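Reading through the C-alpha cells given below for one structure.
The values are calculated or read from the model by the stated rules, or taken from the named source; none is laboratory data. Predicted model, so just to flag it, every value in this text is computed and none were measured. Reconstructed Cβ throughout: ideal geometry from the backbone, glycine too, with neighbour counts over all protein chains shown.
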C-alpha cells in the first residue's frame, strides 16, 4: 500500500490533494507521487498535502507545492496555515470516510476523538 492517496479538489487554488495514509510522510515519496500525477492526471499547478496522519492537528498539517507536469519541486514546498474552509471540509471528509486510517497515524485517542467530535456534521 502506498503511504499516500490522491483526490481531486472541486475548486480553489489547488486541483489535487495528497493525503497521508500512515504516519509516514508522503513528501518522502515525492518522486513516486510525481510519477502518479504525470501518468494518471492531466494536471499542472498547485497541489496540497494533507499531513494529518504525519503531523497531527498541528500548524503544519497542510503543505503546498507546485507540480510542473513532470515533478513536484522540493523548493516549492511550504506550510500553509490558512486553508479555505471548503478545502478543509473536503480533507476532513476524506479521513471521516476512511476512519481506519486514523489508527495508522500519529493521532492519540484524544486527538481522534476530537477530530470526530469537531467533524460530526460530516456524517
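Annotations
- Members of region 9-40 that are without any contact (Cβ under 8 Å) to a residue 40 or more places away in the chain, within 14 Å of residue 92 (Cα to Cα) and surrounded by fewer than 19 Cβ atoms within 10 Å (Cβ to Cβ): none
- Flag for residue 74 being over 14 Å from the mean Cα position of the chain (by Cα) and under 21 Å from residue 32 (Cβ atoms): yes
- Region 1-18 - residue that is within 14 Å of the chain's Cα centre (by Cα) and not in a strand (DSSP E or B) and, of those, nearest to residue 63 (Cα to Cα): 14
- Scan of region 46-60 for residues that are surrounded by fewer than 21 Cβ atoms within 10 Å (Cβ to Cβ) and either in contact with a strand residue (DSSP E or B) (Cβ under 6 Å, 6 or more places away or on another chain) or in a strand (DSSP E or B) (or both), ordered by number: 46, 60
- Residue in region 19-41 that is in a loop (DSSP other than H, G, I, E, B) and modelled with pLDDT under 95 present: yes
- Test: residue 43 is surrounded by fewer than 17 Cβ atoms within 10 Å (Cβ to Cβ) and within 16 Å of residue 106 (Cα to Cα): no
- Tally, over region 87-123, of residues that are surrounded by 14 or more Cβ atoms within 10 Å (Cβ to Cβ), under 17 Å from the mean Cα position of the chain (by Cα), outside any loop (DSSP other than H, G, I, E, B) and in contact (Cβ under 8 Å) with a residue 24 or more places away in the chain: 12
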